[in-house]
Each structure stands twice: as C-alpha cells, then as structure tokens.
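Notes follow the structure.
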Amino acid sequence: MASGAWRALHKNKTLKYGVPMLLLIVGGSFGLREFTQIRYDAQKLQGKLDPALEEKVKKKNVSLESEFEKLKDANLTDWENIRGPRPWEDSKSLQGQQREVLPSRHS
C-alpha cells in the first residue's frame, strides 16, 4: 500500500515540478536580497575616504572654479591629434619618430 501511495505522489506533476519551482522562486528572491545588500554595503564603504587621504584633499583645496581658471587660459584651438602605438608596434620607436616629425611641421 505504501508503494502505491508513493507512486501516486511521484506521478503528481504539481509535486514533481510545481513545488521545486516555487522553492526556487522564493529561495531565489531571498538570495538576491542578500546579494544586493552586499552590493549596497560595498558602495557605502567605497564612498568613504581614508582620513589621511581626506586631509590631503582638503589641503590642496581643488575646486571646480580653480580648475576652470586653469582651462580658461589654455589654448585649446591649436592642437594636433597624435595616435598611440598599435599593439604590434614598438611604442618607444613610434614616439621617437613622432617627436622628430612634430618640430619640423611647426617650423
């Protein structure tokens, strides 16, 4: 008799597929909540500066206005685009070639 009841439960599709699916959905929501909480905690810690570093930043007194004043005096219209080295090229030799060519262009 016990094997007949077991066989009936085993054939029941709700118990075979529905219950594991519900467990997966409910368990997944709790798992995702924990992982997102870790993410938010990490972001909260990342926003805090080391006290020694914070003092250095305050000493420099860098503001948006001071950076704007530096850029206002810069000549941004007279520049030349110089490409960087490709992965297969030797960067030092390419930079040397570019340094040789640049002064002759501006003469």
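Read-outs throughout are calculated quantities, based only on the coordinates presented, and are distinct from any laboratory measurement. For clarity, every value in this text was computed on a predicted model and none was experimentally measured. Heads up, the Cβs are rebuilt from the backbone with ideal geometry, glycines too, and the neighbour counts pull from every protein chain shown.
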Taking the chain as the reference, fit the longest principal axis to its C-alpha atoms, fit the long axis of helix 51-60 to the helix C-alpha atoms, and give the angle between the two in degrees, 0 to 90, nearest 10.
-> 30 degrees
For R33, the net charge from surrounding residues (Cβ-Cβ under 15 Å; K, R +1; D, E -1) works out to -1
Hey, which lysines would be in cross-link range of K56, C-alpha to C-alpha under 20 Å, not counting anything within fewer than 8 residues on its own chain?
-> K48
Roughly how tilted is helix 2-11, in degrees to the nearest 10 and between 0 and 90, from the longest Cα axis of the chain?
-> 40 degrees
Which one, (1) 2.52; (2) 0.99; (3) 2.12, gives Cα Rg over 2.2 N^0.38 Å as derived from the coordinates shown?
-> (1)
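Just in the chain: which GluC sites (Glu not before Pro) are loop by DSSP and have at most 14 other Cβ atoms within 10 Å?
Hits after loop and neighbour filter: E80, E89.
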Among all stretches of the chain without exposed chymotrypsin sites (Phe, Trp or Tyr not before Pro) (DSSP loop, at most 10 other Cβ atoms within 10 Å), which one is longest?
-> 1-78
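Test of the criteria: in region 50-106, which trypsin sites (Lys or Arg not before Pro) are in a DSSP loop and have at most 13 other Cβ atoms within 10 angstrom of their Cβ?
The qualifying sites are R83.
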Pairwise Cα inverse-distance average, inverted: Kirkwood Rh of region 1-51 (Å) | 14.5 Å
